[in-house]
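Student: The structure's right below; bear with me while I get my questions together.
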Amino acid sequence: MSERPAGQGTEIREAPEVLDDVPGRSAQVVSAFRENFTERGYRPHAPVPVTSRIDSSVRFVGSTISVLKPLLLAGDIPEPGVFLIQRAVRTRNLRAVTDGAPLDWASYFVALGTLSPADRLPEVAAHAWELFRDRLHAGPGQVVIRASSLDPDLVAVARGIPGGPAVEIDGYEEQRYRHRFGVEGYSGRNVNFAIDHPRWGLRDVGNLILIHRDGVPVGVELAFGVGTILARAYGLEHPIQASSAGAAVPLRTPADIKLADMLSVAVVLLSEGLRPNGSGRGRILRGHLQALSRLRAEGGRSIADVERFAERFHALEFGTHTHLPEAVAHYLGAYEDALARGLPRPAANATALRVFPSDERYR
């Protein structure tokens, strides 16, 4: 193992590439993760809807720990641990789209995670490395563990992985080695797994986190994203390029990345029965639909284009047909027509919301 400097990343600029056969490659990563941890005795945990209220500290399920948190809080983590494959949504990109900022991550993704007792830290670290080496066939030097010199115990664990990857020390600011869990008294210290690609250098794909309660270690979390692993391994600039959304929307420009990102969240939330009303989670969905309206106009896309992209995304991600793309198109048409008639945005949204009857056709 060796010490090495931090790599440099970049943002999508123009003519982005897209990974071929996204569903197939994503399924391979999921299968590799499942097989790796099943064979090591970890128990599978059932996923929940993204709109589940299982974690009151977040509006939507945005990570596997949101689902596994009850085990953590109850001090009832089974040996050697549990693993979970969970659809997840994070909505911070909505503000970035509104402000015109670039997107670093995908809002919707498939999360892979484990939770183990705290004393299992060395084994979990080794199992994570074995996932990359044996299941994902990472080449020599392709995986790097990034750690902080302020965490000598975690550095020792990273360096102690048998035949493990290189270790980088202090590659970036301290806050990126720290975690919060939305529960008073709980915090985390982490090392990060990164893939070193000759095109971009080091780029993170996941975390190994030692969770503390009032300063005492109580659990170990491992967290990855399927699209992030694929994008970094294949040298793509953005996780959207390795997602069903990126395969559904022709990615010609950076604006198309944003369009695909907003579209994926809207379709996933709508498919779980959420509607774009004026408060709480419905307001967030409304923001994503209205962002779609702006982005499709700015990119010269028609509403019919957006409907076609939504249909393709749903088919790739869920493998089923739905009338939701039709509803998205009706919403955009009614919303934009109301704006053109001079209605304020809340009234335009109320008008457009009428395209969502409360029946199973739009589930």
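The values are calculated or read from the model by the stated rules, or taken from the named source; none is laboratory data. Nothing here was measured: the structure is a model prediction, and the numbers come from that model. Reconstructed Cβ throughout: ideal geometry from the backbone, glycine too, with neighbour counts over all protein chains shown. Surface accessibility is based on the protein's heavy atoms, side chains included, excluding ligands, DNA and RNA. Shrake-Rupley method; radii C 1.70, N 1.55, O 1.52, S 1.80 Å.
Student: So, in region 80-103, of the ones that are without any contact (Cβ under 8 Å) to a residue 60 or more places away in the chain and of a type in the set (D, E, K, R), which residue ends up surrounded by the fewest Cβ atoms within 10 Å (Cβ to Cβ)?
Tutor: Ranking the candidates gives Asp99 first.
Student: Could I ask something else about it? Quick check, is Ala310 assigned to a helix (DSSP H, G or I), open to solvent by less than 40 Å² (accessible area, probe 1.4 Å), modelled with pLDDT of 95 or more and out of contact with any His (no Cβ under 9 Å at 6 or more places or on another chain)?
Tutor: The answer is yes for Ala310.
Student: Sticking with this structure for a sec: Being outside any loop (DSSP other than H, G, I, E, B) and either touching a His at 6+ places or on another chain (Cβ under 9 Å) or more than 30 Å from Arg53 (Cα to Cα) (or both) is the requirement here; does Arg232 meet it?
Tutor: yes
Student: Sticking with this structure for a sec: Would you check which residues across region 159-184 are aromatic (Phe, Trp, Tyr) and under 28 Å from Val67 (Cβ atoms) and list them?
Tutor: Tyr177, Phe181
Student: Just checking, how many residues over region 139-192 are surrounded by 19 or more Cβ atoms within 10 Å (Cβ to Cβ), of a type in the set (Gly, Ala, Ser) and in a loop (DSSP other than H, G, I, E, B)?
Tutor: Looking only at that region, the number is 3.
Student: Can you find a residue that is at pLDDT below 95 and touching a Phe, Trp or Tyr at 6+ places or on another chain (Cβ under 7 Å) anywhere in region 19-42?
Tutor: Yes, region 19-42 has at least one match.
Student: Of all residues in region 29-45, count the ones that are open to solvent by less than 20 Å² (accessible area, probe 1.4 Å) and in a helix (DSSP H, G or I).
Tutor: Selection size over region 29-45: 5.
Student: Just to be sure, is Arg281 open to solvent by less than 40 Å² (accessible area, probe 1.4 Å), in a loop (DSSP other than H, G, I, E, B), touching a residue at least 24 places away in the same chain (Cβ under 8 Å) and of a type in the set (D, E, K, R)?
Tutor: Taking the combined requirement at face value, the residue does not satisfy it.
Student: Let me ask something additional. Out of all the residues in region 260-277, is one or more touching a residue at least 60 places away in the same chain (Cβ under 8 Å) and of a type in the set (Ser, Thr, Tyr)?
Tutor: Within region 260-277, one or more residues are touching a residue at least 60 places away in the same chain (Cβ under 8 Å) and of a type in the set (Ser, Thr, Tyr).
Student: Could you tell me how many of the residues in region 61-109 are over 24 Å from Leu230 (Cβ atoms) and among the hydroxyl-bearing types (Ser, Thr, Tyr)?
Tutor: 1
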